[in-house]
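The values are calculated or read from the model by the stated rules, or taken from the named source; none is laboratory data. Not measured: the values here are computed from a predicted model. Note that each Cβ is placed from the backbone with ideal geometry, even for glycine, and that neighbours are counted across all protein chains shown. Each accessible area value is taken on the protein alone, full model and side chains, heavy atoms only, with ligands, DNA and RNA left out. Shrake-Rupley method; radii C 1.70, N 1.55, O 1.52, S 1.80 Å.
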Amino acid sequence: MLWLQSGGCGGCSMSVLNAESPDLFSSLELNRIRLLWHPSFSEASMEEVTDLICDIENGDLRLDALCLEGSVMRGPNGSGRFHVFSGLGRPMTEVLPSLAAKARYTVAIGSCAAYGGITMAGNNPGEACGLQYEGSQPGGLLGANWQSPGKLPVINIAGCPTHPNWVIETLGQLAMGDLARESLDTLMRPRSYTDHLVHHGCPRNEYYEFKASAEQPSDLGCMMEHMGCLGTQARADCNTRLWNGEGSCLRGGYACINCTAPEFEEPGHSFTETPKMAGIPVGLPTDMPKAWFVALASLSKAATPKRLKINAVSDHIRIPPGKKTGGKPS
């Protein structure tokens, strides 16, 4: 496996270093994956790295998995000179297709490498894109119809940053030959984590069921109605496969921004704002018809226990379950 970095912050590398039980390097060893080089983890000299790249391109060294972290920088004016591979003197826009043609599989680590991500936000002066997507549109550096020698498109382990276990699990599947086209969703993300919603396992689900909503960041209630949370639409298992054994954005009090999806970086409004039309959130839960949502939301609000109404707009639990309020159980 060869891991390269381009237009990004290095956050996905920091994330995989947080893998636990086992850690990243133990996982690679258990899956019999040899890490040829990583720009942050490896000690090879520039000459050794350039020789390594040339050996792969010349067919003298087998490459099973090419991993890219960070978006592809095509600027200025399509020249790729914004990111030249040190020592080779060649733009990454030239090196990456050459290596991808040799690698059995090509893997995009994080949403930047997959779709362009944060790096292509705004006017995109760096002309950033993903390996096989530009935002939500297929294409990117390699082209919409590109396939690796292993007969797979680019495998997009999307997330910002991506979860360490998503990376390790996918690499393990590739090492065992267990990842087929059917194992990827429509955006070429591994279904092992995108067959789930962030909403699954959310600690605020009771508030969601009764539409008891938070009104400011410190509140305990559901953040979908007012605070911009996209957990009911985001494809990931963040709340059932926790980060570092106990964390997730929602468990930390932050709304889900759907960072595994293309173009999440520019929603057109504040991340902590829920766009509405006639008082109804524009982005509704996955597979939920608008009429159903309106009807169910009205019924839920009418049945909301006093305990949840009060706790939803509080920064701590004021009324615990079972406590009587006004002579009635809460």
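Observations
- Gap separating the Cα centres of the range 61-139 and the range 165-214, nearest whole Å: 24 Å
- Per residue solvent-accessible surface (Å²) - the chain, probe of 1.4 Å: 48 Å²
- Inter-label distance, Gln216 to Ala44: 5.4 nm, where each label sits 7 Å from its Cα along the C-beta direction.
- Lysine pair number, Cα distance threshold 30 Å (strictly under), the chain, separation 8 or more or different chains: 26
- Where trypsin sites (Lys or Arg not before Pro) fall in DSSP loop in the range 253-325, at most 11 other Cβ within 10 Å: Lys323
- Of Gly253, Gly177, Gly231, the one that fluctuates the most in a GNM where the chain has Cα springs shorter than 10 Å: Gly177
- Label point 7 Å beyond Cα of Leu299 along Cβ direction - residues of the range 210-230 with amide nitrogen under 13 Å: 210
- Only Lys, Arg (+1) and Asp, Glu (-1) charged, at Cβ; the chain dipole about Cα centre in debye: 1620 debye
- Where GluC sites (Glu not before Pro) fall in DSSP loop in the range 17-55, at most 10 other Cβ within 10 Å: Glu43
- For the chain, Cys9, Cys12, Cys54, Cys67, Cys112, Cys129, Cys202, Cys222, Cys229, Cys238, Cys249, Cys256 have no disulfide-compatible partner, since no other Cys C-beta lies under 4.7 Å from theirs.
- Neighbour-limited loop hits for trypsin sites (Lys or Arg not before Pro), the range 1-85 (at most 16 other Cβ within 10 Å; DSSP other than H, G, I, E, B): Arg32, Arg34, Arg62, Arg81
- Given R0 = 22 Å, the distance between the Cβ atoms of Leu17 and Glu246 translates into a calculated FRET efficiency of 0.80.
- Between 0 and 90 degrees, the angle of helix 164-176 with respect to the longest Cα principal axis of the chain falls at about 50 degrees.
- Rounded to 10°, Cα long-axis angle of helix 46-57 versus longest principal axis of the chain: 90 degrees
- Accessible-area value, Cys259, 1.4 Å probe, nucleic acids and ligands omitted, Å²: 30 Å²
- Shown in residue order for the range 280-296 are the 3J(HN,Hα) couplings computed by the Karplus curve 6.51 cos²θ - 1.76 cosθ + 1.60 at θ = phi - 60°: 9, x, 5, x, 9, x, 3, 6, 9, x, 4, 4, 5, 4, 4, 5, 5 Hz (x for Gly and Pro).
- The heavy atoms of Ser79 offer some 50 square angstrom of accessible surface to a 1.4 angstrom probe.
- Mean separation of Cα pairs under 8 Å and 6 or more residues apart, divided by the residue count, gives the range 1-48 a relative contact order of 55 percent.
- Between Glu209 and Ser270, the modelled labels are 3.1 nm apart [label points 7 Å from Cα along Cα→Cβ].
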